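Okay, structure first, notes after.
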Amino acid sequence: MNRLVLHIFHADDASLDTGSHVAMRAHQVAASRGVLVEVYIFGPAEERLLDSGATAFNATVDSLIAAGVPVITCLNTAKGLGAAEAFAARGIQMEYARDAFVRYAAESGTVVSF
């Protein structure tokens with residue numbers, strides 16, 4: 001099965017909301033086309049997971065998790081933010097960015113960044 005990774009890095013509202021919305025829309029058709037969707041949130045965007053003002057982004061992330069889409073953040077960044085436990089409780093998975101991106105290359109995944 002092919003993998004589509006929506007990589008959300010930028011912390012501006014347009015990138016956060018568009019990236020998470022595209023992930024949800026792609027998930028709606030992915031299985032019928034033999035594609036697995038995954039979301040990797042990294043860098044400045046990872047901090048916005050802790051921002052109560054980023055309501056649309058956080059609501060979509062929670063919907064993705066509820067729909068069974070793997071949402072992953074960088075373990076190192078999560079630890080640095082003191083957020084690893086909060087992320088895990090929310091259903092957000094964690095993996096070092098170096099490992100995730102090498103895994104995507106090894107799996108011939110397609111990564112689209114926002």
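The values are calculated or read from the model by the stated rules, or taken from the named source; none is laboratory data. Owing to the predicted nature of the structure, the values given are computational and were not obtained by experimental measurement. Reconstructed Cβ throughout: ideal geometry from the backbone, glycine too, with neighbour counts over all protein chains shown.
For this structure, a couple of remarks:
- Within the range 28-42, none of the residues are modelled with pLDDT of 95 or more, assigned to a helix (DSSP H, G or I) and under 13 Å from the mean Cα position of the chain (by Cα).
- Out of G68, G19, one residue alone is assigned to a loop (DSSP other than H, G, I, E, B) and either of a type in the set (A, V, I, L, M, F, W, C) or touching a helix residue (DSSP H, G or I) at 6+ places or on another chain (Cβ under 9 Å) (or both). It is G68.
- Condition met for L36 (more than 16 Å from L4 (Cα to Cα), of a type in the set (A, V, I, L, M, F, W, C) and surrounded by 14 or more Cβ atoms within 10 Å (Cβ to Cβ)): no
- Counting the residues of the range 71-114 that are in a strand (DSSP E or B), within 20 Å of V29 (Cβ to Cβ) and among the hydrophobic types (A, V, I, L, M, F, W, C) gives 3.
Listed here are the residues, each with its yes/no results for (1) without any contact (Cβ under 8 Å) to a residue 12 or more places away in the chain; (2) within 22 Å of R103 (Cβ to Cβ); (3) among the hydrophobic types (A, V, I, L, M, F, W, C).
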{"site": "A26", "(1), (2), (3)": "no, yes, yes"}
{"site": "A30", "(1), (2), (3)": "no, yes, yes"}
{"site": "E47", "(1), (2), (3)": "no, no, no"}
{"site": "A54", "(1), (2), (3)": "no, no, yes"}
{"site": "F57", "(1), (2), (3)": "no, no, yes"}
{"site": "T60", "(1), (2), (3)": "no, no, no"}
{"site": "P70", "(1), (2), (3)": "no, yes, no"}
{"site": "T73", "(1), (2), (3)": "no, yes, no"}
{"site": "L81", "(1), (2), (3)": "no, no, yes"}
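- From the list Y96, Y104, the one residue that fits, being touching a Ser or Thr at 6+ places or on another chain (Cβ under 9 Å) and under 18 Å from H7 (Cβ atoms), is Y104.
- Answer from A97, A67, A45 - the residue that is more than 15 Å from F114 (Cβ to Cβ), touching a His at 6+ places or on another chain (Cβ under 8 Å) and at pLDDT 95 or above: A67
- Residue count for the range 15-27, restricted to those that are over 12 Å from L64 (Cα atoms) and either modelled with pLDDT under 95 or not small (G, A, S) (or both): 3
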